[in-house]
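Okay, structure first, notes after.
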Amino acid sequence: MQNIKRILTLVLLITGLQVRSQNQIEWNSTYTLQLSDFQSKETQIGNSDIYSLHTASGIDFTFAMSNAEFMFTKNFNSKVGCKFNRSAASIVAPDSTVANDLLGFARYEFDLAELYARNLRKQLFEKKGTFSNVTFFQPLYDEIQSQLTERHARAAKETDLGRNKEKLNELHQEVLKEIEALADFCKTCKPPKKKK
């Protein structure tokens, strides 16, 4: 009976993780967000006089390691993620044209979040010393979040949340170039050692 309880608990845990992971899209260069990714019950296209967008994309940073592991770890790339949460993402638009404009901005925003995830990975790599305190990352994370928020707000204003397609395309191309320039700081990459 005890083994059955353990197996049932394990199955429920795995099922829960699978459901959660199906709601999360980890950023990668080959996936493009679709309207079908906006699965919040608040999503509404048509029968609305307003438009709004909540992409639920962002950066996370988590790690668990012993003091010894932390002391000798320099590369935190795999600990910094950029994810899009389908079940929390919503689009409200009066019609499909506006919905697609908002989708264009959501794609920009997801790439922008990855750019700042790469900036954070780079900062962690460059600033982490052998004797760094475990809290060394907090000011770096706060600064990156502040820069991301500021740039996002500026782009939202300049493009009217993607309605100005020409300006959005210009800003999006800039972000994609910056992502490419930080190729060593993708989640699965190993940054090169500094030359002495």
Only one of (1) over 21 Å from Asn28 (Cα atoms); (2) touching a Pro at 6+ places or on another chain (Cβ under 8 Å) fails for Asp184. Which number is that? (1)
Kindly list, by first and then second residue, each pair from a residue in region 33-56 that is closer than 19 Å to Asp160 by Cα and assigned to a helix (DSSP H, G or I) to a residue that is modelled with pLDDT of 95 or more and of a type outside the set (Gly, Ala, Ser), limited to pairs with Cβ atoms under 6 Å and residues at least 6 apart or on different chains. Leu35/Leu103
When you go through Val134, Val98 one by one, which is the residue that is out of contact with any strand residue (DSSP E or B) (no Cβ under 6 Å at 6 or more places or on another chain), of a type outside the set (D, E, K, R) and not in a helix (DSSP H, G or I)? Val134
Going through Leu103, Leu120 one at a time, which residue ends up being within 28 Å of Phe38 (Cβ to Cβ), surrounded by 12 or more Cβ atoms within 10 Å (Cβ to Cβ) and within 15 Å of the chain's Cα centre (by Cα)? Leu120
Leu112 vs. criteria buried (at least 21 other Cβ atoms within 10 Å of the Cβ) and modelled with pLDDT under 95: no
Taking region 160-174 and the residues there that are of a type in the set (A, V, I, L, M, F, W, C) and part of a helix (DSSP H, G or I), the one that is surrounded by the fewest Cβ atoms within 10 Å (Cβ to Cβ) would be Leu171
Scan region 137-159 and give yes if some residue there is within 22 Å of Gln39 (Cβ to Cβ), assigned to a helix (DSSP H, G or I) and free of Cβ contacts under 8 Å to residues at least 40 places away in the same chain, otherwise no. no
Taking Lys177 as the residue in question, decide whether it is more than 18 Å from the chain's Cα centre (by Cα), assigned to a helix (DSSP H, G or I) and among the basic types (Lys, Arg). no
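The values are calculated or read from the model by the stated rules, or taken from the named source; none is laboratory data. Only a predicted model underlies this, so the values are computations on that prediction, with no experimental measurement involved. Neighbour counts run over all protein chains shown; Cβ positions are idealised from the backbone, glycine included.
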